[in-house]
Amino acid sequence: MEEKTITDLIEQALSARKNSYAPYSKFRVGAALLDAKGNVYTGVNVENVSYPAGICAERTAIAKAVSEGASDFTAIAIVGGSADRIDILGSYCTPCGICRQVLYEHCSGDLMVIIARSVTDYRLCTLRELLPFAFGMT
Ligand code: THU
């Protein structure tokens, strides 16, 4: 994957993160999911006063994409942290276990997961690495 593609996805995740609704945890997350056609579906965490009703950024992006008929996802960028400023994200925000399982339902194990603190500071791994011995349909 080209570096520009990675950088663009991180930028879109950072931009989406501004819309995160996280009044309870104050931990704001943005995600940008890329399909093979080049379309990008963003997502943010949307919390709720009934805490378990909240949803993570990655699952928001998947729900948006799938509901619009998208498939063949190739990469997802994830940015998250407590800071309001995008340039001081404290740590890498890795997807939670539920999101890993949901990603696995709709993406191959080859999905590139870009875990970023900024457009220049990121780590790459595959979904397979994040969810070894995954439980799947086959
Ligand atoms: N969260 C995400 O949106 N994605 C992750 O990968 C980790 C956690 C959200 C859930 C909750 O709204 C907040 O971050 C704190 O856990």
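Quick notes on this one:
- Using C-alpha pairs below 8 Å separated by at least 6 residues, the relative contact order for the chain is 21 percent.
- When GluC sites (Glu not before Pro) are flagged only if DSSP places them in a loop and at most 10 other Cβ atoms lie within 10 Å, the longest unflagged stretch of the chain comes out as 69-138.
- Note on Lys26: lysines with a C-alpha under 20 Å away, same-chain residues under 8 apart excluded, are Lys18.
- Cα-projected label distance for Phe135 with Lys26, points at 7 Å along beta-carbon direction, nm: 3.6 nm
- For Lys4, the aspartates and glutamates whose Cα comes closer than 16 Å to its Cα, not counting residues fewer than 8 places off in the same chain, are Asp35, Asp121.
- Separation of the Glu105 and Ser91 label points, Cα + 7 Å toward Cβ, nm: 2.8 nm
- Note on Cys125 and Lys18: with the Förster distance fixed at 30 Å, the Cβ-Cβ geometry gives a FRET efficiency of about 0.70.
Read-outs: derived from the displayed coordinates by stated rules, not from any lab. Bear in mind the structure is a predicted one, so any value in this text is a computation, not a measurement. Note: ideal-geometry Cβ built from the backbone for every residue, glycine included; neighbour counts use all protein chains shown.
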